[in-house]
Amino acid sequence: MFASRVSASFILALSVVALVTASPRLVVAHPSATDRLRAIEMEMADTQESAKLDVEHGRANLQAGRWQEAIADADRALTLEPQSSAALLLRAEALFAAGSVDRALVAADALLAVAPTSAAGRHLRARALREIGRLDEAVAEYNFFLSGQAQPLPELYIERAEVLAALGRTDAALLSLDEGVTRVGEVSTLRLAAVNIAVQGGDFDAATDRLDSLLRQKPDQVFWMTRRAEILEAGGKRDAARRAYAAAAAALPPSSVAAVRQLQERIEAGLRRLDDVDRGKDNE
């Protein structure tokens, strides 16, 4: 079978979701972070100790990627107001950003003991549980968190689906994403995440069916056309894959833009792989 000839790395590449999700670890210094820190420090010099100002200073440090300083700010705020939910949240987020995930989970629990309805605390707890491999608990936390959100973000459903997929619960992961579409609306990131998860689960027909649904809405989306060709190839449907690559190549606009060149390279690479397989069969 052709599917057995497809490298594991190629199938894995098909399953990568190119998403940018909210993550404290991805925080980078904002151009205004230094100015904000200076302004807060000037205010702190002119006033008495304030937990609120310590939290604001910590937020600015977090924004600037200065995790340890943000933790210290949170600790100072908590010496003044031990039950401050803002300080507890800052501490949990800074610990998570610094990579101290176990301590971040403890901090999130401390926050939720004071503010059990904190959406940010629930989300952080779910992500921390996922990070340390307590996946079943993470799913339960995501379920609880999402059920209480009036307007959940699409990324939250994707995060939960990825945890479910990591547990081998592909069908549940796809249902999670379909639920997201029902609640959030037709968002392409949710649909594409479902394609990725179907590929991870080895259900290439389901993946192409989902892409076909997207292409009916935007038939000239060359990225989706190329992705469809790659999935057909991974599923062993060589003739259909060759036609799909050809259709994607024909739809590719002439451009020197890097993204377009990358698509062209993917199409050409796919056609070369198919040619290599055909030559291999001829030599058998």
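Let's see how each residue does on (1) at pLDDT 95 or above; (2) part of a helix (DSSP H, G or I):
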site	(1), (2)
Glu186	no, no
Arg191	no, yes
Asn196	no, yes
Arg216	no, yes
Phe223	no, yes
Ala240	yes, yes
Asp275	no, yes
Arg279	no, yes
Asp282	no, yes
Could you please let me know if Gly133 is within 23 Å of Leu95 (Cβ to Cβ) and assigned by TED's automatic domain parsing to the domain that holds Ser85? no
Can you pull out the residues in segment 182-204 that are closer than 22 Å to Ile267 by Cβ and surrounded by fewer than 17 Cβ atoms within 10 Å (Cβ to Cβ)? Ser188
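Touching a helix residue (DSSP H, G or I) at 6+ places or on another chain (Cβ under 7 Å), in contact (Cβ under 8 Å) with a residue 60 or more places away in the chain and more than 20 Å from Arg183 (Cβ to Cβ): which single residue out of Ala110, Ala104, Ala97 fits that description?
On inspection, the qualifying residue turns out to be Ala97.
Does Val222 qualify as being under 30 Å from Leu146 (Cβ atoms) and among the aliphatic types (A, V, I, L, M)? Lay out the reasoning, then the answer.
Working: under 30 Å from Leu146 (Cβ atoms): no; among the aliphatic types (A, V, I, L, M): yes.
Answer is no for this residue.
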Segment 128-181: number of residues that are surrounded by fewer than 23 Cβ atoms within 10 Å (Cβ to Cβ) and touching a Pro at 6+ places or on another chain (Cβ under 8 Å): 1
Given the options Ala107, Ala128, Ala119, name the one that is in contact with a Phe, Trp or Tyr (Cβ under 9 Å, 6 or more places away or on another chain), at pLDDT below 95 and within 21 Å of Leu62 (Cβ to Cβ). Ala119
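Can you confirm whether Ala72 is out of contact with any Ser or Thr (no Cβ under 7 Å at 6 or more places or on another chain) and either in the same structural domain as Asp54 (by TED's automatic domain parsing) or on the phi > 0 side of the Ramachandran plot (or both)?
Values: out of contact with any Ser or Thr (no Cβ under 7 Å at 6 or more places or on another chain): yes; either in the same structural domain as Asp54 (by TED's automatic domain parsing) or on the phi > 0 side of the Ramachandran plot (or both): yes.
So Ala72 passes the test.
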Can you pull out the helices (runs of 4 or more DSSP H) entirely within segment 71-161 that have at least 3 residues that are closer than 20 Å to Leu174 by Cα? 119-131, 135-147
In segment 223-265, residue farthest from the chain's Cα centre (by Cα) [restricted to those that are under 19 Å from Ser188 (Cβ atoms) and among the basic types (Lys, Arg)]: Arg228
Residue within segment 186-203 that is under 28 Å from Gln151 (Cβ atoms), free of Cβ contacts under 8 Å to residues at least 24 places away in the same chain and not charged (D, E, K, R) present: no
Does segment 78-85 include one or more residues that are buried (at least 22 other Cβ atoms within 10 Å of the Cβ) and either in contact with a helix residue (DSSP H, G or I) (Cβ under 7 Å, 6 or more places away or on another chain) or at pLDDT 95 or above (or both)? no
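The values are calculated or read from the model by the stated rules, or taken from the named source; none is laboratory data. Not measured: the values here are computed from a predicted model. Every residue, glycine as well, gets a Cβ built from its backbone with ideal geometry; the counts of neighbours run over all protein chains shown.
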